[in-house]
Amino acid sequence: MLIFCFFIIDSCQNIQSTNTNVRSPLVNCWRHSHEEDIDEKTMIYRPCNFKDFAPSRYRAIIDIKEDYTCQYSQLSPVDAHSLKHGVWKFDKEESVLQVIDTEGNLVFKYLLGSLNRDRMVLQNIE
C-alpha cells in the first residue's frame, strides 16, 4: 500500500512538472524581432530583455502572465501606440495562441511554430 501511494504521488508530481514545462517558456514578455521574420506570415519574437533591438517605428509586444492575463501593444496610425489588457489562451493540441481583449473580442490568433526561452515563432492564421 505504501508503495502504491508513493507511485501515485510521484505520478502526480511528474504530470504537474510536465504541464509547467510546456507552458513555462510561453509566460514571458515577448517583443517582435521583425528583422528575423521568416516571411510575411511567420514572425519571430524574442524576450523583451533579450537584446537591444534596433530602432523601429513600431515593435509589437505581448506580455504573457502566469494568471492568463496579458498586455499587448496596439499599433496606432498616428504613432500613439499603447499597451492594452486582455487574456490569453493556448490550445496545446492545436498549438494555437489567442489573445482576447477585455470586451471578449479576438485580438489575434497565432500558430505556435516553435518555442524556447530565447525565441518564439508565431504564424498568423487569422
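Quick note: the coordinates plus some simple rules give every number you see, no bench work behind them. Please read all numbers here as calculations on a predicted model, not as lab measurements. Here the Cβ positions follow ideal geometry from the backbone for every residue, glycine too, while neighbour counts run over all protein chains shown.
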Efficiency of FRET from Cβ geometry, R59 and V87, R₀ 25 Å, rounded to 0.05 = 0.65
Return the sequence-ordered ³J(HN,Hα) values of the range 75-86 in whole Hz as given by the Karplus equation 6.51 cos²θ - 1.76 cosθ + 1.60 applied to θ = phi - 60°, using x for Gly and Pro.
-> 6, 10, x, 10, 6, 9, 5, 9, 9, 10, 9, x
Sequence-distant residues sharing a close amide H with S33 (under 5 Å, placed H) = I44, Y45, R46
Alpha-carbon centroid distance for the pair the range 75-123 / the range 25-39, whole angstrom = 11
As straight-line cross-link partners of K84, the qualifying aspartates and glutamates (C-alpha separation under 18 Å, not fewer than 8 residues apart within one chain) are D63, E66, D67, D101, E103
